[in-house]
Amino acid sequence: MLERIVIIWTGYWKMFLGEGLAITLSLSATTVVFGAIIGSALALMKMCRILPVRWIASAYIEVIRGTPMLLQLYFFYFMIPNSFVLTLFGWVHKLMILFGSEVTQRDFVKFMCIAIALIINSSAYVSEVIRSGIQAVDRGQTEASRSLGLSGKQTFFRIVLPQAVKNILPALGNEFVMIIKDTSLASTFFIGDLMSVYNVVRGKTYLVMEPLIVVAAIYLVLTYVLSNLIAAWERRLKKGD
Amino acid sequence: MTDKTPVEYIIETVDLHKSFGNLHVLKGVSERVRPGEVVSIIGPSGGGKSTFLRCLNLLEIPERGHIFIHGVDITKKGVDVNLHRRKMGMVFQLFNVFPHLTVEQNITLAPVLTKKSTEKEAKEAARALLSRVGLYDKLNEKPGRLSGGQKQRLAIVRALAMEPEVMLFDEPTSALDPEMVGEVLDVIRELVHGGMTTVIVTHEMGFAKEVSNRVLFMDDGVIAEEGTPDQIFNNPRNPRTREFLSKVLQ
Ligand SMILES: Nc1ncnc2c1ncn2[C@@H]1O[C@H](COP(=O)(O)OP(=O)(O)O)[C@@H](O)[C@H]1O
Ligand SMILES: [Mg+2]
């Protein structure tokens, strides 16, 4: 067994790391960045004074959090028209080709549909992370700031947000770790991530367990290292006060 | 109700009412504070003291009644609440210093953001204020490293940096360890002797007696009794005042 694991690793490590891991990481990073941006907007919408705006954000968050991720992947994969992706993101593909990438248009569109689904999913969770990070800031901070004559906006940006960020950033890091694991679901659509590479290697070698153990080890090292980095970072943020 | 009142009063409230849901907390508070006056508010917990104080700078919005500051009704629509609040310093029981800013930044933030002072002026003022309360050497520290008494002194000078006309204190020493109460009261005492108009909610009866021109006994949402410190502490007329004092003074 151990022997075959070593063989799998020496034979396919380039494919696991160069393709699988690279795609898993880029997909996760894209998701967490855009998920955070859209999640921030959603969090602001949910704290908005205008009622319908709050409703829209709440409905979005409820629907996304109340349905399975795999279902959402299927939904967006089949729902988003190719032409839509190409109109909006065709330039990204052209840029990639320009820089020597050999990704076909079809694979690119597939990847983008999955990325959009993951981003939409993540934004709903992240918005709650951001909202609770903001609400965790002591109300006395707002009151002190307002009592000094600062406006609501000044109070939010100068007093509340800087403190909320210290709650939010580590939570976003943890979200990144979650997404790394969640992207494995996208292998259902063969987008070339770690789990997709596993399926390829399994097909080639007719071995089930050994490549699975290799992939598990890669995920484990990745999430372990990231979690520890985040924890160290969190301690540093806390110490700053 | 007329708009203007004689401006010999810096604060005047007229029939102030405030409820939280079904809980009627202020049941018609009418009170006046003259410039330079020091008014203490005492009374049992839950009587509405904090709520009254917080109404004065509209941290709570009263649903009925009026608040005149220098004769201007600030409960009216269209009043710039922020401008008004800049003239009133407020000190809270739990300090509420800004943990992400240094001691100096805690003080300079508001004067600079409200364009009251330039950055340079604000820093000079902050340093002078910090020296005054013995915190100059903490200038660049984060408040997390300060003791409770130091935090509260910082909170006081942070408010003073806006050069307010009135200072509102809501139990400024209640959250402190006993050995730190004195240092904070010293700062307030000095302020009061400097002529600052002050409204202070406190359980420090000795201090209230010493510094106040007037003492209000607040109970169940109304000012149940008011008078000079001598009247309230040595000769209370309302049985509830007597009961309260006998409990806290024993
Ligand atoms: N934001 C609030 N929401 C609901 N109830 C409140 C709020 N603030 C104060 N209260 C209630 O109002 C009453 C008076 O409170 P407060 O003004 O803090 O009294 P005091 O300062 O005299 O102890 C209490 O019963 C308190 O629980
Ligand atoms: Mg109180």
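No value in this document is a laboratory result; all are computed from the given coordinates. This one's a predicted model, so the numbers in the text were calculated from it and none came from an experiment. Don't worry about glycine lacking a Cβ; one is built from the backbone with ideal geometry, like all the others, and counts go over all protein chains shown.
Structural remarks
- Shielding by other protein chains, A:154-163, mean Cβ within 10 Å: 3
- Two-decimal Rg/Rh across the protein assembly as shown, once Rg and the Kirkwood Rh are taken from alpha-carbon atoms: 1.14
- Sorting A:Ser132, B:Ser50, A:Ser123 from the fewest to the most surrounding beta carbons within 10 angstrom yields A:Ser132, B:Ser50, A:Ser123.
- Here the sum of -39500 (n - 2.57) over DSSP H runs of 4 or more residues, divided by the residues of chain A, equals -26500 deg cm²/dmol at 222 nm, to the nearest 500.
- For residues of B:113-120, the mean tally of beta carbons on other chains within 10 Å: 2
- Filter on A:Lys239/B:Lys18; B:Lys87/B:Lys138; A:Lys153/A:Lys181; A:Lys46/B:Lys138 - keep pairs with C-alpha separation over 31 Å: A:Lys239/B:Lys18; A:Lys153/A:Lys181; A:Lys46/B:Lys138
- Centroid-to-centroid, using Cα positions, the stretch A:75-137 and the stretch B:229-245 are 72 Å apart.
- Computed E for B:Glu121/A:Ser184 - FRET, C-beta separation, R0 60 angstrom, nearest 0.05: 0.55
- Spherically averaged projected area of chain B from its Cα convex hull (nm²): 14.1
- At an R0 of 51 angstrom, the distance between the Cβ atoms of B:Asp137 and A:Ala41 translates into a FRET efficiency of 0.70.
- Order of B:Asp73, B:Asp15 under a 10 Å beta carbon neighbour criterion, fewest first: B:Asp15, B:Asp73
- Largest GNM mean-square fluctuation among A:Leu212, A:Leu51, A:Leu220, using chain A with Cα springs under 10 Å: A:Leu51.
- Antiparallel bridge percentage (DSSP; both residues within chain B; nearest 5): 55
- Gyration tensor verdict on the stretch B:70-176 (Cα atoms; rounded if a/c is under 1.5, prolate if a/b is larger than b/c, oblate otherwise): oblate
- Each residue in B:Ile223, B:Ile41 was given a count of other beta-carbon atoms within 10 angstrom of its own, and listing them fewest first yields B:Ile223, B:Ile41.
- Among B:Gly47, B:Gly78, B:Gly221, the largest mean-square fluctuation in a Gaussian network model of chain B, built with springs joining Cα atoms closer than 10 Å, belongs to B:Gly78.
- Derived scalar couplings between HN and Hα for the stretch B:160-176 equal 5, 4, 7, 6, x, 8, 9, 10, 10, 10, 10, 6, x, 10, 5, 9, 9 Hz in order, rounded to whole Hz, by the Karplus curve 6.51 cos²θ - 1.76 cosθ + 1.60 (θ = phi - 60°), x for Gly and Pro.
- Peptide packing: for A:17-23, A:177-183, A:224-230, the average count of neighbouring Cβ atoms within 10 Å per residue gives the ranking A:177-183, A:17-23, A:224-230, highest mean first.
- Straight-line cross-link partners of A:Lys204 among the lysines, defined as a Cα under 18 Å from its Cα and at least 8 positions apart when in the same chain: A:Lys14.
- Cβ-derived FRET efficiency at R0 45 Å, B:Ala175 paired with A:Leu25, nearest 0.05: 0.40
- Once backbone amide H atoms are built at 1.01 Å from N, B:Val91 has B:Leu168, B:Phe169, B:Asp170 as its partners under 5 Å, excluding neighbours fewer than 5 places away on the same chain.
- Charged-residue dipole, Cβ positions (Lys, Arg, Asp, Glu), chain A about Cα centre, Debye nearest 20: 660
- Span from the the stretch A:159-207 Cα centroid across to the the stretch A:1-55 one, whole angstrom: 4
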